[in-house]
Amino acid sequence: MSKTSPTSIKLEEWPIIDRELWQTATRHGDFLEADGKAAHWSYATRLQVQKGYGKWVFHLAAEGALAAQDQQRPIERVNENQLRSYLDRLKAQGLAPQTIASRITDLTEALRVMQPEADITILRQLSSTMQQRATPSRKKHARIKPPQEIWQVCLAYMEQSMTDEPTPNINQASRYRDVLSLGLLAQRPLRRRNISGLVLGEHLTLDNGIWYCHIPGNETKDGSPISFILPENERFCATFTHYLLVSRQRLLRAPALANDKLQDINGPLWISTRGTAMTSHAFYYGITRISDELLGAPLNPHLLRDCAASALSSDAPEYILAASRILGHRDLTTTLGHYEQSSMLAAGANLAATIEELQQQALNNVQAVDPDMYLPFLDLEEMLS
């Protein structure tokens, strides 16, 4: 029986400089030494990125790029030719496009924490490109999930977590954060840059128990401002409030807050395990990882916008213009071009109100539905038939 050929190199066999940089990045500091950039990653994330980087080291060794170069810093081995060769190797292994994209993401994350001062622009660009190309548009429907399904899975997790983990540790708090961000994106499909950069007290404000969101035009892709309210139903409010008062505070290394302090909270909405604002890249990574775990499909923020588009699809073309505005498309043809395979959005002028109303109808099994509207959470196959 033939043995499977190795495709990765274990940590203890990495070049000394790589191993030392990784250990520094993942080490918890003390009162005289700061934590490493990846010190507060979950065990699963750390192991995944470590294995992913090991595959890059294996490639370099196979190419002879490590010979007599053990003292070369990791970023110095990254160049266009070597990356092209690495992609060719991964393709030759028969890996799926999404898996190849994940390998590049792992490499990017590893170098980001191992050499924080390094310029990894080429890797960030490659990672973004590979993620976009990972799933051809004609196959998107296989991964599109109804927003209501996504939200219900997220809600069940968060409510269970609120019961089982009333005082979460860092890893538990970060998972709760990722689940909440996934659920929020399913209901309010903003662009990644906008939702990952939300700031409490600036974009998000609380007034009489209602959370209002306003993103000025100078922060949106098409230059038009975006305004909406967060879901007002009791269960969303409870899970969102728990994040703000408990989980977010834990990530900030601060004590939990009382309800009467909710109005006073400010700063970045999404906090990293290091206690700082999450980067757009880290937000993307967290969403993709947690959706794969909970839903069996890696849903990135862009694909979640497709989920919203498909779920709100309708035979009512009068809603297409509203959909284009909601999704931030300057040109109506962009909306049509992206979503014609799963029909157009049937959104009203206010996406928040439309989703909220139709979600509630679906949950309550309401039979009398406006004939001009599709229930937004019908099975995709039914919508495409």
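Only the coordinates and a few stated rules stand behind these numbers; no lab work does. The shown structure was predicted, so the numbers you read here are calculated from the model rather than taken from an experiment. Cβ coordinates were reconstructed from backbone atoms using ideal geometry, including for glycine residues, and neighbour counts include every protein chain displayed.
For the pair residue 257 and residue 122, how long in nm is the line joining their label points, each one 7 Å along Cα→Cβ?
Simple spin-label model gives 4.4 nm for this pair.
From the square roots a ≥ b ≥ c of the eigenvalues of the alpha-carbon gyration tensor of the stretch 148-300, which class results: rounded (a/c under 1.5), prolate (a/b over b/c), or oblate?
Here the stretch 148-300 falls in the rounded category.
By how many nm would the segment from residue 30 to residue 7 grow when fully extended, if each residue of separation counts as 0.36 nm and the alpha-carbon distance is taken off?
4.7 nm
Explain nothing, just the number: dipole magnitude of the stretch 11-134 about its Cα centre with +1 on each Lys and Arg Cβ and -1 on each Asp and Glu Cβ, in debye rounded to the nearest 20.
Value, rounded to 20: 580 debye.
Suppose R0 equals 45 Å. What FRET efficiency, 1/(1 + (r/R0)^6) with r the Cβ-Cβ distance, do residue 20 and residue 265 give to the nearest 0.05?
Using R0 = 45 Å, I get an efficiency of 0.70.
Taking 0.36 nm per intervening residue step and subtracting the Cα-Cα distance, what contour gain separates residue 159 from residue 132 on full extension?
Stretched fully, the residue 159-residue 132 segment lengthens by 6.5 nm.
Starting with the fewest neighbours, write out 53, 157 ranked by other beta-carbon atoms found within 10 Å of each beta-carbon.
157, 53
So for the stretch 11-134, taking the charge dipole from beta-carbon charges (+1 Lys/Arg, -1 Asp/Glu), which of 16, 122, 26 sits furthest toward the positive end?
With unit charges placed on the Cβ atoms, the residue in question is 122.
Gain in length, residue 232 to residue 44, computed as 0.36 nm per residue apart minus the alpha-carbon separation, to one decimal in nm?
Full-extension gain reported as 64.3 nm.
Might you report the magnitude of the Cβ-based charge dipole of the stretch 148-300 about its Cα centre, with Lys and Arg at +1 and Asp and Glu at -1, to the nearest 20 debye?
Computed about the Cα centre, the dipole is about 500 debye.
Pairs to check: 10/145; 221/261; 10/91; 55/221; 51/261. Give those whose C-alpha atoms are more than 31 Å from each other in this structure.
10/145; 221/261; 55/221; 51/261
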